[in-house]
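The values are calculated or read from the model by the stated rules, or taken from the named source; none is laboratory data. Treat the numbers as computed from the prediction; the structure is a model and nothing was measured. Cβ coordinates were reconstructed from backbone atoms using ideal geometry, including for glycine residues, and neighbour counts include every protein chain displayed. Accessible surface areas use protein heavy atoms only, side chains included; no ligands, DNA or RNA. Shrake-Rupley method; radii C 1.70, N 1.55, O 1.52, S 1.80 Å.
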Amino acid sequence: MRIHFKTSYDHDIRLFPDLWSFGVYAALLVIAVILPWLMDDFFLGEVTNVLIWAIAGLGLMLLTGQTGQASLGHAAFLALGCYSCIIFMEQGWPFLIAFPVAGILTGVVGTIIAIPAIRLHGIYLAIATIALSILADDIIVLLDPITDGVSGKFAPMITIFGIEIERWTTPDRFYWLVLAITVLCTLAYRNLLRSPLGRAFAAVRDSEVSASAMGVHIARTKAAAFGLSCAITGLAGALMGFYAGAFNNETFSIVISITLLMMIVIGGLGSIHGAFFGAVVVAFLPQFLSMAKDLVGGSSVAIPGLETGVFGMILILFILFEPMGIYGRWMKIRIWFELFPFARKDMFKRQKSYLKTERLR
Amino acid sequence: MSQLLEIENATLKFGGVVAVNDLSFSVKEGEVYAIVGPNGAGKSTVFNLISRFYDPYAGALRFDGQNLLARSADAVADLGIARTFQNIELFDHATVLQNLLVGRHRHRRTNMVQEMLFTPKVRREEERHRAAVEDVIDFLDLQPYRDKMIAGLPYGVRKVVELGRALASGPRLLLLDEPASGLSVEETQDMRWWIDDIRKQMGITVLMVEHDMGLVSGVSDRVLALADGAKLAEGTPAQVQSDPAVIEAYLGTGVV
Amino acid sequence: MGETVLDIQNIESFYGPIMAIRGVSLKVEQGQVVTVLGANGAGKSTLLKTISGIMDPEKGQILFEGREIQGMEPHKVVGRGIVHVPEGREVFPLLTVEENLTLGAYTRSDKAEIEKDRQMVFDYFPILAERRHQEAGTLSGGQQQMLAIGRGLMLRPKIMLLDEPSLGLSPLLVQEIFAILKRLNKEEGVTMMLVEQNARVALELADMGYVMEVGRIVMDDTSERLMESEDIKAFYLGHQEDGARGERRWKRKKTWR
Amino acid sequence: MEVVQLLVSGLANGCVYGLIALGFVLIYKATEQVNFAQGDFMMLGAFVCLGLTNAHYMGLPFWLAAPLAVVIMAVLGYLLDFFVLRHLFGQSQTAVVILTIALGFVIRFVAGVIWGHEPQTLESPLAVGDFNLGGVVLGMADLAVIVVTVLLTLCLYQFFQRTRLGLAMQAASQNQMAAYFMGIPVKRVQGMIWGLSGAVAAVAGILFASKGAIEISSGLLGIKAFAAAVIGGFGSLPGALMGGLIVGVIEPFASYYFPAGYSQIAPYALLLLVLVFRPHGLFSQVRIKKV
Amino acid sequence: DTQGVSDSEVVIGSVNDLSGIFAAVGVPAVNGANMRFDEANAGGGIHGRQIRFVVEDNGYQIPRAMQGYNKLLNRDKVFAMLLSLGTPMNTAGFKLLDPKGIPNIGPLSAARQMLQEPVDNKFIAFSSYYDQVQAGVTYLAEEFDAKEVCAMYIPSDFGKEIAESTADTAKALGLTMAGETTHKPDELDFVGSLTKLKAAECDIVTMALGVRQGITVVGTAKKLGWTDVKFLNTSAGFLEPVAAVPGGVTDGLYAASGWQDLYARASDPVPAKFIADYQAKFDQPASGFAMLGYSAADTVVRALEAAGPELSHETFLAGLESLNYLDELTGGQISYGPEDHRGADEIVISVVEGGGWKTLAVK
Ligand SMILES: Nc1ncnc2c1ncn2[C@@H]1O[C@H](COP(=O)(O)OP(=O)(O)OP(=O)(O)O)[C@@H](O)[C@H]1O
Ligand SMILES: Nc1ncnc2c1ncn2[C@@H]1O[C@H](COP(=O)(O)OP(=O)(O)OP(=O)(O)O)[C@@H](O)[C@H]1O
Ligand SMILES: CC(C)C[C@H](N)C(=O)O
Ligand SMILES: [Mg+2]
Ligand SMILES: [Mg+2]
């Protein structure tokens, strides 16, 4: 069992609680960096995919996990980020400018959309964002001159300081790019959590009344959450565009929005780890199932849609097994090991719990 | 002493219910002012008016000469008015420390971008907030609970945390809605000393609603008795407690 | 009196890894009023919740009228005649006062009697009659407390578990409520288990008293004798007002800074 | 004339949305859970009936198959609660949302395996026969939908308003613990409402299928019904019907008057518009918390 | 050496929709292809190589399609792609097929983009939606002396291509494009749109809708008493269930497609055998897309044979481009060449009659 002896406030403010966890994350980063030498292109591509989903998950997590605003429309912001980044690049902007500007643009649009959305709660916000996601599809079609409508667009080559980066031809470079962006987004997220705005997000989530009594401007805080969330999501969207290579109005469909929300809930709402765990499950599970299918029953379709069906079943089990998400389970396992051998068998047995209405705000 | 808070002819109705009825009173800088009255008299509603959760139908509210009605709920906090709630409204999925730090929100001096980069200024500010919050923790003896989640704390501790959150904001006026309800005699005792210190050492004006007459008479300078949203009596604790109307409507004869 | 209706044996209850009740045993006899005192977080509410089935104990037994009820679903416990008036009101906020009371009688089907009881509750708390069509969530704190108690009465219980019934009530109403409880106990013979911070009134009403501390019962006796006890006087009845303070100030000190 | 025709068919469609929305609202009103699989329930109900009645499958007479399908779906709904949702009792609503979304995947998969992926037509006596009232055409199925929806809404409304069980369900959704304290068997009540909404879904599915062909992805309709429920004010039964009618009526008018490319936006644009002005729907069920 | 080829095996991949909105197309097609490959494998394979057909489900979503491509190309190392479904998925896939020169054969999309540059590795089995609509409208216009043409379509590349072709054909024939309506896949009712088109006095309405929707449209039009209009489907709606709707709801619906209906030719021995075999193997009635899948797989088998024992992309493409045969199952002449990457060029006009498709003309 590790015990923290705290000798200054910095201990709580620091990124890592102790040397051990710093070591763990440093090791993780080193492994991540040398990954292209450890894996073949197939797995590297999948890891890249997981990271991109994780960035999108971080974006939604900020809004849903941190601020308590459930959005089922984040595919719209993925689309906006993707389209704007690529359109900027088509205008001749270098990636290093187009990419962040796309993120900022998405954030700004998200903030504007937040203005009416701020008064919505729970299910109402969810459906409003679903509508947004559906409308995004139509708007892309209607904006044909800019977006090329249903024909879609192709992602151009990324060049950074003369280095060419492309998902299929240089998967390792593309992976490193995504990794770098993931690390940056995670850091920014973590920084927010340990500063006033992050706490204001949590305050708005838990009690709007007392947050405003403490001087938190509810509308502004929610708008900030929306803006930041959309900005990060926009970045992920741009990367998804580069990952897919080609995209059109059907690429960022409502299904993607739903998958994104599923991902963070299964990962564990309200934690950075959750976004990553969720991304691993949601992005890699279908691939895993299809590989498993190859191993078990040969390669042809035994039962159509089996993978999706099994995917759904596994998600159900995940939720039943641990409604608090994988992160919740992870914490329990950690505590168990830290307490070992003093952990009690029933320690994590769920005590009965009860809900109260959410119709009071 | 000058008037810190002035309520003039405030009226608020909920449908047919007149919760606050043409009520006027004022609180002087540096005093402890208590509101008592039967259940449903409109005490919490007065607090909610001051916090700007409700708009009065008529009347004026002034804090330190400024018109409160021109401000929104969060801007009221910025003036230095902090409050607690009758039914406890904490941030349940955060620790005690984080709750108190939210209390510091009105002292935020950094912006979103700085915070995302966690610039040295943010760090300095964090340390400053932290020091202020630690003072509150010391003052209220909350050390054992510092890193505990609110969700698992006993009722009494939550009450104290809520007081702490309000104090952490460094207010000029503190609104306490039934600070001692649900506290044991011993804890009520503590509450009494705390309120005393808050006023004397920190120089914070306190406006409080309370049913525990022991506490009310122990700490308050003046008492307002409210019934059906209107003033029943006002004066020193002794005056109000001996007012026949107050005894009739609120105190009872004390015989069980 | 005599006959034991509620027999709690060695109960242990947990919130996840936190042990809130550490082996509590107590007996309540038919027609008795038993009060449980204790500081914040002692586990009083947890004890009541465990009895009414809202929480499952990990160890121990609870016998009601000789039959085990621990770990049962709460509505079945209610069906046996145990009603729990919880801490913190817990009314149905979007239903009217009247509907809340109707639900109090959910387990009953004797229409006429229900109507009589409703009238009784309205007599006890006239404000509720006046506000019968108001949504319960918009009542003032004290009004909600009245509603919660009134709703509990509508169940016509054999035994009532009352968790801080005086919370947020005006002094006048506290007197009234305790008068009502006394009448119920004397006239209807309702057994009661009462958790109160207002120890003085509680002990005056009760026959027996238990004192809990960090999940254990540390003292039990008749109320008369408890009221005489120095410890009780000091900590629960509030006698030595000034002495306690200085002590508490340095009792817990910071371990780091 | 045309306007009347548009209105009449809009109302008939609106009732289908209303029926699905009713299922959403039922569950929400009694448990505050949101069933994202309600659309798939409807699809399943339709296919169960089709499986029972179509000559290619079991070939039972329609008037036997339809009630049977309703019963089967009710049982399925109850079992679903019993075996799955009950394990999430007291857990956050998001968990249920994710669970029902995943459940939708599973339902579509299973239905695909049983009935295949191609559209099929229910052999329903309601499918044939139209009424022509002075140029305005109303299909038999349309008429049935309207009648059934209105009746069902009325009955359910009365059920929640007048019966003890209905009241208990509302109570259970507002405060589970307090409901238990009143002796309400909260979990069983929840199972009952899932059963009921399964039955409503089956009714919706059968009527929908009588209006045209069905396929495995017909459950997609759920999203629009969801929008309808929200327009009405999630949790209000008359609101669900009202929301359904609004969405149903707006559609034919939009396709008639708006240019191609814009018409299909109408329902969602309307939804957003309603939410801007009434953030919790027309018959709002959300209150500001009293502190 | 070439990826996906060993002495004993050749791996063919497909990114298909087995669970999404086009599962009704993808599933039978994959079944059909499997049937053909099983036959080839049972006969000892081709030049000693067994064919392994690996299918990834994309659920009609781009991200999942990309995962499918990644797996097929980088893990299974497929030799060629066959019957991949969905226009956007296919175009996204080209990004990685083209650099590696992996052939993309018989995609389940008749969009014109399926033969975009570079074309050397792309082969499509039949005519494009564009050509189908052109032929269909021309036929109907001649036959019924039509004046006004309209279009109903879903806002997708598929819908757009059909709308464009409708407009272009109308212009070329000197007809007027009188109106158009768009529809989402979850649209329930078409009274508004049909009333609008009826008011515009359309004589021909081309349709690019979901399968269920197409049925509803025709039924609703009849209900509204609008009987003097000709609805025209393309290969995307050229399905048995459309014709088999009880009560003759779809009677009189036209379709222009790249092949003849399977059941229209059920009396011929090869289609009859196929129908029986398919039913026996999958316990489901065969469908047009099952036939298409079989036929596309057949093309691959023939190309592999023609490529000879030394299998590489060059030999395979050469083999494919040398093919010219009568496909007895579809009844069409399949011919490929260096300049001709479209197998069947013919367009078949059919009409629903008595619960089945009846062939009217072959162009
Ligand atoms: N939103 C509302 N709708 C209708 N009536 C309301 C609403 N809010 C408060 N009331 C009524 O206004 C009156 C004043 O309520 P308030 O909460 O201010 O009482 P209080 O003095 O704080 O009482 P307590 O001591 O019981 O907390 C009560 O009668 C209450 O029922
Ligand atoms: N939901 C919970 N999760 C975790 N721990 C809890 C939870 N509820 C209570 N506890 C812990 O259990 C212990 C007993 O709590 P309980 O509420 O029974 O105390 P109590 O004696 O009723 O106090 P009070 O007088 O404040 O109501 C406390 O230490 C508390 O921290
Ligand atoms: C036949 C259909 C499956 C084709 C599909 N509409 C596409 O082109 O994407
Ligand atoms: Mg109050
Ligand atoms: Mg308690």
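Along the charge dipole of the protein assembly as shown, pointing to its positive end and built from +1/-1 on Cβ of Lys, Arg, Asp and Glu, which listed residue (A:Cys85, D:Gln93, D:Pro119) has its Cα farthest out?
D:Gln93
Which residues of region A:207-229 show a drop of at least 20 Å² in accessible area when all protein chains are present, compared with their chain alone (probe radius 1.4 Å, heavy atoms only, ligands and nucleic acids excluded)?
Residues losing area: A:Ser207, A:Val209, A:Ser210, A:Ser212, A:Ala213, A:Met214, A:Gly215, A:Val216, A:His217, A:Leu228.
Give the residues of region C:101-120 whose amide nitrogen is closer than 19 Å to a point set 7 Å from the Cα of C:Arg80 in the direction of its Cβ.
Within reach of a label on C:Arg80, which here means backbone N under 19 Å from a point 7 Å along Cα→Cβ, region C:101-120 contributes C:107-108.
Compute, for the protein assembly as shown, the length of the dipole vector about the Cα centre, with Cβ point charges of +1 (Lys, Arg) and -1 (Asp, Glu) only. Units Debye, rounded to 20.
Approximately 3900 debye in magnitude.
With a cut-off of 8 Å between alpha carbons and a minimum separation of six or more residues, what is the relative contact order of chain C in percent?
Averaging sequence separation for qualifying contacts and normalising by length gives 24 percent for chain C.
With a ≥ b ≥ c the root eigenvalues of the C-alpha gyration tensor of region A:57-187, is it rounded (a/c under 1.5), prolate (a/b larger than b/c) or oblate?
Oblate.
Would you please classify the overall shape of region A:18-348 from the alpha carbon gyration tensor, given that a ≥ b ≥ c denote the square roots of the eigenvalues, rounded means a/c under 1.5, and beyond that prolate means a/b larger than b/c while oblate covers the rest?
Rounded, since a/c falls under 1.5.
Run the numbers on chain E and let me know its relative contact order in percent, using alpha-carbon pairs under 8 Å that are six or more apart.
18
Could you estimate the translational diffusion coefficient of the protein assembly as shown from the Stokes-Einstein equation, with Rh from the Kirkwood formula over C-alpha pairs, at 37 °C and 0.692 mPa s, in whole µm²/s?
My calculation gives 93 µm²/s for D.
Could you grab the relative contact order for chain D? Cα pairs under 8 Å, six or more apart, rounded to a whole percent.
37
What is the sum of charges around B:Pro154, taking Lys and Arg as +1, Asp and Glu as -1, for the other residues whose C-beta is under 11 Å from the C-beta of B:Pro154?
So the surrounding residues net to +2.
Taking only protein heavy atoms into account and a 1.4 Å probe, give the accessible area per residue of the protein assembly as shown in Å².
34
Treat each spin label as a single point 7 Å out from the Cα along the C-beta direction, and report the D:Met1 to A:Phe288 distance in nm.
Computed distance between label sites D:Met1 and A:Phe288 equals 6.4 nm.
Based on the alpha carbon coordinates of chain C, what radius of gyration and maximum Cα-Cα distance (Dmax) apply, in Å?
18.9, 66
Measure out, as a whole number of angstrom, how far apart the alpha-carbon centroids of region D:132-173 and region C:118-183 sit.
One Cα centre to the other: 38 Å.
Longer than 25 Å from Cα to Cα, which of E:Lys196/E:Lys223; B:Lys159/B:Lys200; C:Lys44/C:Lys158; B:Lys13/B:Lys231; E:Lys95/E:Lys363; B:Lys231/C:Lys233 are they? Say none if no pair is.
E:Lys95/E:Lys363; B:Lys231/C:Lys233
If you stretched the chain out fully between C:Gln9 and C:Arg216, how much longer would it get, using 0.36 nm times the residue separation minus the C-alpha to C-alpha distance?
73.3 nm
Would you give the gap between the C-alpha center of region E:86-123 and the C-alpha center of region C:1-57, rounded to a whole Å?
73
Provide the FRET efficiency to the nearest 0.05 for the E:Glu314-E:Gln284 pair, computing r from the beta carbons and using R0 = 41 Å.
0.55
Based on the alpha-carbon gyration tensor of region E:1-50 and its eigenvalue square roots a ≥ b ≥ c, which shape applies: rounded if a/c is under 1.5, prolate if not and a/b is larger than b/c, or oblate?
It comes out oblate by the Cα gyration axes.
For region D:2-218, just the Cα atoms, rotate onto the principal axes and tell me the three extents in Å, largest first.
Here the Cα extents, ordered largest to smallest, are 58, 39, 29 Å.
What FRET efficiency would be calculated for the residue pair C:Glu65, C:Ala112, taking the C-beta separation as r and a Förster radius of 30 Å, to the nearest 0.05?
0.65
In whole Å, what are the extents of chain E along the principal axes defined by its C-alpha atoms, from largest to smallest?
So the three principal-axis extents are 64, 41, 35 Å.
Chymotrypsin sites (Phe, Trp or Tyr not before Pro), restricted to region E:69-114: which are DSSP loop and have at most 14 other Cβ atoms within 10 Å?
Here no chymotrypsin sites (Phe, Trp or Tyr not before Pro) fit, given the DSSP loop and packing criteria.
Carbon and sulfur atoms: what percent of the 1.4 Å accessible area of region E:138-261 do they account for?
Answer for region E:138-261: carbon and sulfur cover 51 percent of the accessible area.
How high is the FRET efficiency between A:Ile34 and E:Glu305 when r is their beta carbon distance and R₀ equals 45 Å, given to the nearest 0.05?
0.45
Post the alpha-carbon centroid distance, region E:151-212 to region C:193-238, in whole angstrom.
83
Work out the P(r) tail for region B:92-170: percent of alpha carbon pairs separated by more than 19 Å, whole number.
In whole percent, the share of Cα-Cα pairs in region B:92-170 beyond 19 Å is 36.
Would you be so kind as to identify all helices of chain D, as entire DSSP H runs, whose Cα atoms reach 27 Å or more along the helix's own axis and whose mean Kyte-Doolittle hydropathy is at least -0.5?
Answer set is D:2-31, D:62-83, D:93-115, D:140-162, D:186-210, D:237-257.
Obtain the nm distance between the two label points defined at A:Phe321 and A:Leu19 by a simple spin-label model: each point lies 7 Å from its Cα along the Cα-to-C-beta direction.
Here the answer is 3.6 nm between the modelled labels.
At a probe radius of 1.4 Å, figure out the C/D buried accessible area, summed over both chains, and give it in Å² to the nearest 100.
2400
Between 0 and 90 degrees, rounded to the nearest ten: what's the tilt of helix C:111-124 against the longest Cα principal axis of chain C?
For helix C:111-124, the angle is close to 50 degrees.
On a straight-distance basis, which lysines could pair with E:Lys281 in a cross-link, Cα separation under 18 angstrom, same-chain partners fewer than 8 positions away excluded?
Within the straight-line limit of under 18 Å, E:Lys281 reaches these lysines: E:Lys273.
Counting only protein heavy atoms, probe 1.4 Å: which residues of region E:36-72 lose 50 Å² or more of accessible surface in the full assembly compared with their chain by itself?
Residues shielded by partner chains are E:Gln61, E:Ile62, E:Pro63, E:Arg64, E:Met66, E:Gln67, E:Asn70, E:Lys71.
Calculate what fraction, in whole %, of the accessible area of region D:2-218 sits on carbon and sulfur atoms when a 1.4 Å probe is rolled over the protein chains.
Here it works out to 72 percent.
Ballpark to the nearest 100 Å², how much total accessible area do E and A bury together, probe 1.4 Å?
3400
If the reach is capped at under 17 angstrom between alpha carbons, list the lysines near E:Lys171, excluding any in the same chain fewer than eight residues apart.
Within reach: E:Lys147, E:Lys160.
Among B:Thr95, B:Met116, B:Val133, which residue has its Cα positioned farthest towards the positive end of the charge dipole of region B:92-170, with +1 placed on the Cβ of Lys and Arg, -1 on the Cβ of Asp and Glu, and the dipole taken about the Cα centre?
Checking the options against the dipole of region B:92-170, the answer is B:Met116.
Angle check, please: helix E:87-100 long axis (alpha carbons) against the longest principal axis of chain E (alpha carbons), in degrees 0 to 90, nearest 10.
Approximately 30 degrees, to the nearest ten.
Using the alpha-carbon atoms, what tilt in degrees (0 to 90, nearest 10) does helix E:211-223 show relative to the longest principal axis of chain E?
20
Under 28 Å between C-alpha atoms is the cut-off here; go through chain A and count lysine pairs that meet it, provided they're at least eight residues apart or on different chains.
For chain A, the number of qualifying lysine pairs is 6.
If each residue of separation counts as 0.36 nm, what is the full-extension length gain between E:Glu339 and E:Ala272 once their alpha-carbon separation is subtracted?
20.7 nm
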